[in-house]
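Since the structure comes first, as structure tokens, the remarks are kept for the end.
Just so you know, all these numbers are worked out from the coordinates, no wet-lab data involved. Because the structure is predicted, anything quoted here is derived from the model rather than measured. For neighbour counting, all protein chains shown are included, and Cβ atoms are generated from backbone atoms with ideal geometry for every residue, glycine included.
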Amino acid sequence: MDEFDVVVLGGGPTGENLAERAHAGGLTVALVEAELVGGECSYWACMPSKALLRPAAARADAARVAGAREAVTGALDAAAVLRRRDSFASDWKDDGQVAWLNSAGITLVRGHGRLDGERRVAVDTPDGGRRVLTARHAVAVCTGTRAALPELPGLADARPWTSREATASQTVPERLAVVGGGVVAAEMATAWRSLGSEVTLLVRGRRLLSKLEPFAGELVADSLRESGVDVRFGTSVTEVRRDGPVTLALDGGETLTADEVLFATGRVPATADLGVESVGLEAGRPIEVDDTGLAVGVEGGWLYAAGDVTGRALLTHQGKYQGRIFGTVIADRAAGRELDLAPWGRSVATADRRAVPQVVFTDPEVAAVGLTLEEAQRQGRRVRAVDYDLGHVAGASLYADGYRGRARAVVDLDRETLLGVTFVGAGVAELLHSATVAVVGEIPLARLWHAVPAYPTISEIWLRLLETYRG
Ligand SMILES: Cc1cc2nc3c(=O)[nH]c(=O)nc-3n(C[C@H](O)[C@H](O)[C@H](O)COP(=O)(O)OP(=O)(O)OC[C@H]3O[C@@H](n4cnc5c(N)ncnc54)[C@H](O)[C@@H]3O)c2cc1C
Ligand SMILES: NC(=O)c1ccc[n+]([C@@H]2O[C@H](COP(=O)([O-])OP(=O)(O)OC[C@H]3O[C@@H](n4cnc5c(N)ncnc54)[C@H](O)[C@@H]3O)[C@@H](O)[C@H]2O)c1
């Protein structure tokens, strides 16, 4: 039997960060990984998807500026884009990340791990063996999610793409059907259209990106349509059949034939085959945690979870944030050090509730942090939405001819601080951190007037939002 202070289950970005912080706090740590160290993000999610999207954005930026436009008349070189994507996915090899684990003093145990009662993890190792690890202080579950596929006749036999194939495909399908209206659907429709696929986007609901401000999905849908994507709202797939190409039966009675179909229909937490029943939790459900990472409903204060598997915020940077905080908490509790549990304190993941930033790398980009107007109103806050057309900002009009975009700030009228900010437009991704700082810092609008944006940058949107609020 192997004994460590901490056993981390899952070596994605969250598990790596949690392991590193626990080790830096003086503990011995084993990290159990069933596939590749680095997790979904490195090989089948953030990195390859953004590598697929970046060439399209670079080309579109140039094509929107007279003078540069004339220099970018050809199509993207799909083979070169896919090769660059491969290198960002490290050719699906994890040597670099394993070297980092070794240098950080963390013990890697390869294999599929399962909880096996209190403080125990049983690992099925690749050589067919079984290794039981025990944890003196904590087990941390960081196993992430898997793609969710709906129950549809014929789907399993039709070999649909999930986010994995959509980010790793070595060929560009001539016709691609995309099912879903969330972030994966919008980004992957953008990416594959830019590489030459005829894309049909089948959205069950009435809008794209429904968790964000409504104008975000509207601007992205308009632009997808202009790029040639056939965007169909209020459309559901009822049956799937593959005989060479794939044929989708749609609820309106029509059929659609494509070479590949991507189901981008959400995620399920990776707890189905994790032995969670052995500690009294329900398989297939997210592991709910408190703000220090402790699993709710498990006695003894030894089981932690972080990242996507908790369902708190399905984003790499939020998982890493939780990993940093919860790893430190585990080390502090083991050493008997006092925790700082006040909101925004060192030992609690307050930002998960108040200030989650996200960039959707479509064209236009969507960058948002904190609450939308609808969420703030649902919480009963006294708020006002301040809107501004980004195209009217001097820096934006220099950035692109006919710049199209919009910004919204959600102002807490009682405190005159910001609860949320959304920017939609080309090149807004790098603006987002300014908004995150304003929301996390609860900076009064009266003080924001003194944060002077450089002229002529897109950041002048801050000044315009403040002027619009003042009236
Ligand atoms: C297409 C796509 C694009 C995305 N783009 C972005 C983006 O641009 N920015 C962003 O912030 N987020 C993005 N995300 C979300 C991001 O990928 C996740 O939030 C992030 O990967 C979560 O990290 P994690 O460590 O919690 O889980 P994961 O990255 O899923 O890692 C979990 C690890 O646990 C391992 N594991 C699971 N079960 C076991 C077991 N029983 N035993 C041993 N090991 C196990 C898995 O093999 C995996 O390596 C994207 C997601 C998708 C699908
Ligand atoms: N740039 C980024 O930050 C980025 C990129 C990709 C993914 N992610 C994260 O990954 C997570 C997963 O993204 P996602 O797009 O897979 O999930 P999602 O929950 O954002 O969207 C799922 C979509 O599928 C639809 N859907 C669900 N079941 C369906 C069905 N049976 N038939 C038709 N449509 C159905 C939903 O209505 C929704 O539009 C998100 O939380 C997202 O934040 C982030």
Under 24 Å Cα to Cα from K211, which lysines show up? Leave out anything in the same chain fewer than 8 places away. K50, K320
Using the Karplus curve 6.51 cos²θ - 1.76 cosθ + 1.60 with θ = phi - 60°, what ³J(HN,Hα) values do you get for each residue of the stretch 271-276, in whole Hz, with x for Gly and Pro? 10, 6, 10, 10, x, 5
Which Cα, out of V132, L208, S194, lies furthest along the positive dipole direction of the stretch 117-214 (beta carbon charges, K/R +1, D/E -1)? V132
Given H placed on each backbone N at 1.01 Å, which residues far from L262 in sequence or on other chains put an amide H within less than 5 Å of it? W161, A177, V178, V179
Quick one: net charge around R136, please, counting Lys, Arg +1 and Asp, Glu -1 for every other residue with C-beta under 13 Å from its C-beta. -1
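If we count other beta carbons within 10 Å of each Cβ, what is the order of K50, K320, K211, fewest first?
On the way: K50 17, K320 21, K211 13.
Result, fewest neighbours first: K211, K50, K320.
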Rh (Kirkwood, all Cα-Cα pairs) for the stretch 6-117, Å, reads 16.3 Å
Over the chain, the sum of -39500 (n - 2.57) across DSSP H runs of at least four, divided by residue number and rounded to 500 deg cm²/dmol, gives at 222 nm -9000 deg cm²/dmol
log10 I(q)/I(0) for the stretch 282-436, Debye formula on C-alpha points only (no solvent), q = 0.08, 0.11, 0.12, 0.15 Å⁻¹, two decimals, reads -0.31, -0.56, -0.65, -0.89
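Give the order of L36, L208 when sorted by the count of other beta carbons within 10 angstrom, beginning with the fewest. Display every interim value, and only then the final one.
Working: L36 21, L208 28.
Going from least to most buried by this count: L36, L208.
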Kirkwood Rh, Cα atoms: Rg over Rh of the chain: 0.98
Phi to ³J(HN,Hα) by Karplus 6.51 cos²θ - 1.76 cosθ + 1.60 over the stretch 424-436, Hz, x for Gly, Pro: 10, x, 5, x, 8, 3, 6, 7, 4, 5, 4, 5, 4
In Hz, Karplus ³J(HN,Hα) per residue of the stretch 14-21 (6.51, -1.76, 1.60; θ = phi - 60°; x = Gly, Pro): 5, x, 4, 5, 5, 4, 5, 5
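What number does the stretch 112-210 give for Rg over Rh if you use C-alpha atoms and the Kirkwood radius?
Numbers: Rg = 19.6 Å, Rh = 17.0 Å.
Expressed as Rg/Rh, it is 1.15.
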